[in-house]
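Reviewing the structure listed below.
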Amino acid sequence: MHTTFSFSDWLEHVRCLLPISGVVHVGAGGGLDSLRYANWNVARAVLIEADEMLADRLVETVKEHPSWSAHSAFISDGDGEATFYVASNANESGALKPETLTRFWRNLRTIEERPARTVTLDTLLAGLAVGEALNWAVVDCLPALPVLRGAEKLIAQADVIVARAFLDESQLPGEAGGKSELDQFLTAHGYRCLATEEENQPALGRLLYVRDWKTLLESYRNDHFREFQKVVKARDEQTRLAADRQAQINELTLARAEETKLNAERETDVRKLAQARDEQAKTAADRQAQIQELTQERDEQSKLAADRDAQTQKLAQERDKQAKLASEAQAQVARLTQARDEQAKLAADRQAQIQKLTQERDEQSKLAADRHAQTQQLAQARDEQAKLAADRQAQIQKLTQERDEQNKLTADR
C-alpha cells in the first residue's frame, strides 16, 4: 500500500530522528508557529521578525517561555542598509517589493517603504547565549537565500533547515528565491532536500532540508586525503630544505676551517710583526740615546769653539797691539794666527760633524715614526680580522642551531 506523507508528517518523523535542542525562526510573524514549538516542548527558541508591529506580538508570545527570546531585526547576507517593504498582506512584507508578486496575489500592494539596517543571522546569534544549542532553522521569508548566506556558522552546526521558496521557478519575479538555488547552496553545505509542500499559491512552498551525513563523510574523507597529500608534500619539502641546509652547513663548515687556518696564519704574521715592532722600538731607543750623547758632545764642542773664538779675538787684539809695539812680536803673532786657523778648521770640521749627526738623527726619527705608523696599521688589521672571525663564528653557531632544530623537527615528523 502506497502511503503519502504530508509536510507535517515529515517534520514529525525528522523530529524523532533529529530531536530539537533549539530552533531559530526568521520571519516568525506574530508567533503562530510558536504554538507548534510549545507542543514539541522546544527548550530554546529564537524568534525573529523584521516588522516591528509583528515583533511586538512575539514579545508577548515568549513571556511564557523564559528560555525563548524575541527579536526585531532585518536579516540578510550582510550588515548594511536596505528597504523593508510593508505589504497590504502582512505575511508578504519583507525584502521583495509587493508589486513583484502581483502575479500570485493580484491585489497585493506596497503600504510603506521603511529604510532598515540589515544584519546577518550569525552576527545576531553571536550576541545571544545560545552556543551550539540551535540545531533547527526555519526561514519563513522571501528570498531565503540571503538569510542563509549570512548564517554559515548556524548551517555548520544545524541538523534541519526549513525554508520558503518559489517552487515554480518560471514564475520568479526576477529576484533570488528559487528552489534550485537553495538546493545548490545547501547541497554544497552537506544538506539534502527531503520534502516540499505547496502553499495555497502552488508556485510557492516550503522545503525541508536535513543534513546528508553520507555526503559529509565523503567530503570529510576527501578533505582528509587532500590534507594528507599536503602533509606529504610539506614533509618532502622539509626534507629537501633540510638537505639544502645540510649542504649549506657543510659548505660553511669548510669555509670555517679555511678561515680558521687563515686566522692562524694571520696570527703568526701578527706575532712576527709585533716582534719586529719591538725590535725596531729598541733600535730606535738606542739610536735616540746615541743622538742625545752626540748632541751633548756637539754642544760641548760648540762651547769650546766659542771659548776659543773669544780667545782668538783676544789674541788678535793683543797681536795688533804688539805689532805696533815691536816687530819681534810678529813671530809670536804668526804662531797665534796659525793656531787660530787650526782652531777655526777644527771648529768647521766639528760643525760639519754636528750637521751630519743632526741629519742622521732626523732620518732615524722619521724611520721610527714610519715604523710606529706601520705597527698601528698592523694592529688595526689584526683587530678587524679578529672581529671578522668572531662574527663568522657566531653565524656558524646560528646555522648549526638552525640545523639541529630542523633535524629535530624532521625527526619528530
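At a glance:
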{"item": "For Ser327: the one exception among (1) loosely packed, with under 13 Cβ neighbours inside 10 Å; (2) in a helix (DSSP H, G or I)", "result": "(2)"}
{"item": "Residue pairs meeting the criteria (Cβ under 6 Å; at least 6 apart or on separate chains; first more than 16 Å from Gly30 (Cβ to Cβ) and touching a residue at least 40 places away in the same chain (Cβ under 8 Å), in the range 64-91; second assigned to a helix (DSSP H, G or I) and among the basic types (Lys, Arg))", "result": "Asp77/Arg149"}
{"item": "Residue within the range 302-323 that is within 30 Å of Arg277 (Cα to Cα) and not aliphatic (A, V, I, L, M) present", "result": "no"}
{"item": "Boolean, Glu363 is out of contact with any helix residue (DSSP H, G or I) (no Cβ under 8 Å at 6 or more places or on another chain), in a helix (DSSP H, G or I) and loosely packed, with under 13 Cβ neighbours inside 10 Å", "result": "yes"}
{"item": "Close pairs (7 angstrom Cβ cut-off, 6 or more residues apart or separate chains): within 17 Å of Glu267 (Cβ to Cβ) in the range 356-384, open to solvent by less than 90 Å² (accessible area, probe 1.4 Å) anywhere", "result": "Leu378/Val270; Leu378/Leu273; Arg382/Val270"}
{"item": "Criterion violated by Trp40 - all others in (1) under 47 Å from the mean Cα position of the chain (by Cα); (2) surrounded by 14 or more Cβ atoms within 10 Å (Cβ to Cβ) satisfied", "result": "(1)"}
{"item": "Count of residues meeting criterion [exposed (fewer than 11 other Cβ atoms within 10 Å of the Cβ) and of a type in the set (Lys, Arg)] in the range 273-298", "result": "1"}
{"item": "Condition met for Gln301 (among the polar types (S, T, N, Q), surrounded by 14 or more Cβ atoms within 10 Å (Cβ to Cβ) and assigned to a helix (DSSP H, G or I))", "result": "yes"}
{"item": "Odd one out for Thr110, checked against (1) in contact with a helix residue (DSSP H, G or I) (Cβ under 6 Å, 6 or more places away or on another chain); (2) under 25 Å from Ile20 (Cα atoms)", "result": "(2)"}
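Results for (1) of a type outside the set (Gly, Ala, Ser); (2) open to solvent by 70 Å² or more (accessible area, probe 1.4 Å); (3) closer than 15 Å to Ala137 by Cβ; (4) under 52 Å from the mean Cα position of the chain (by Cα), shown as yes or no for each residue.
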position	(1), (2), (3), (4)
Glu52	yes, yes, no, yes
Leu58	yes, no, no, yes
Ser67	no, no, no, yes
Phe74	yes, no, no, yes
Asp79	yes, yes, no, yes
Phe84	yes, no, no, yes
Ser93	no, no, no, yes
Thr100	yes, no, no, no
Phe104	yes, no, no, no
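The values are calculated or read from the model by the stated rules, or taken from the named source; none is laboratory data. Please read all numbers here as calculations on a predicted model, not as lab measurements. Don't worry about glycine lacking a Cβ; one is built from the backbone with ideal geometry, like all the others, and counts go over all protein chains shown. For the accessible areas, the whole protein counts, side chains as well, though only heavy atoms, and no ligand, DNA or RNA atoms are used. Shrake-Rupley method; radii C 1.70, N 1.55, O 1.52, S 1.80 Å.
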